Amino acid sequence: MSRYNNNPDTRAFTLVELLTVLAVIGVLAALLFPVLSRAKARAGRALCVNNLKQVNAAVRMYCDDHGDTLPDTNFVALDYKPLVQGYLGLSGRAWTNGGVFWCPASEQSMMISPLPPFAIMPRGRFKMEYHLYRFNGGNADSHSRPGIAGLKLCSLRSPSKTVTVAEASAFIGQAWHDHKYFDYELGKHVWNMAGFGDGHVAYTRFHRLSGRLPCAADPPSGYDYQWSGR
């Protein structure tokens, strides 16, 4: 019996045909990947907006119960979380209640982080202590820094531009949503999510200072935010 199939109606792919199919699949994947990435980024920003709206609302409710006074605490996230978490229906130790304080885009940054502390920190605690929405309380940490800690909410000079809470990356001149968290060669600004004194939340362009944290000073003209409240 012959070992060869002489049926003219059946035959295998030739090498050229196989390479052509693979090339077509590669082109389609290259075309679809940016679309899928943008869709995923939009979904992450939508979730981040929802989270930050809740946190910002909790800060405002805290003011309602404390004579219109903003939390008198510095910009380290864990200092203000115990004060506002009750307004979000959370209780217990602050760092164990992440969830709404957790930006989904920051996880990508954590995955590409080259820094050893991020690599060895248990994921649960890392999620709560590092990737957080922070309060704009630089003035409580240092008299030379702007901030709104301890101020009356009604005293804010431009509430629609004054940051109340924002992604931690905004305070340090980095970015989560464009996945360039550790790229210090970025331009003069980065985009981050922020909540403001009038209650709105927006994807905002933040200025980067040379050699200093962006939260160390208000940005130059042309930016839609400020750290100082007066």
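So is N6 modelled with pLDDT of 90 or more and either surrounded by fewer than 10 Cβ atoms within 10 Å (Cβ to Cβ) or closer than 30 Å to F135 by Cβ (or both) or not? No, not satisfied. Would you confirm, using the coordinates I've provided, whether K40 is open to solvent by 70 Å² or more (accessible area, probe 1.4 Å) and at pLDDT 75 or above? Spelling it out, it is not the case that K40 is open to solvent by 70 Å² or more (accessible area, probe 1.4 Å) and at pLDDT 75 or above. If only residues of the range 63-91 that are within 18 Å of K53 (Cβ to Cβ) and of a type in the set (F, W, Y) are counted, the one that is modelled with the highest pLDDT is Y87.
The values are calculated or read from the model by the stated rules, or taken from the named source; none is laboratory data. This structure is a prediction, so every number in the text was calculated from the model and none was measured. Glycine also receives a Cβ, built like all others from the backbone with ideal geometry; neighbour counts cover every protein chain displayed. Ligands, DNA and RNA are excluded from the accessible area calculation, which covers all protein heavy atoms including side chains. Shrake-Rupley method; radii C 1.70, N 1.55, O 1.52, S 1.80 Å.
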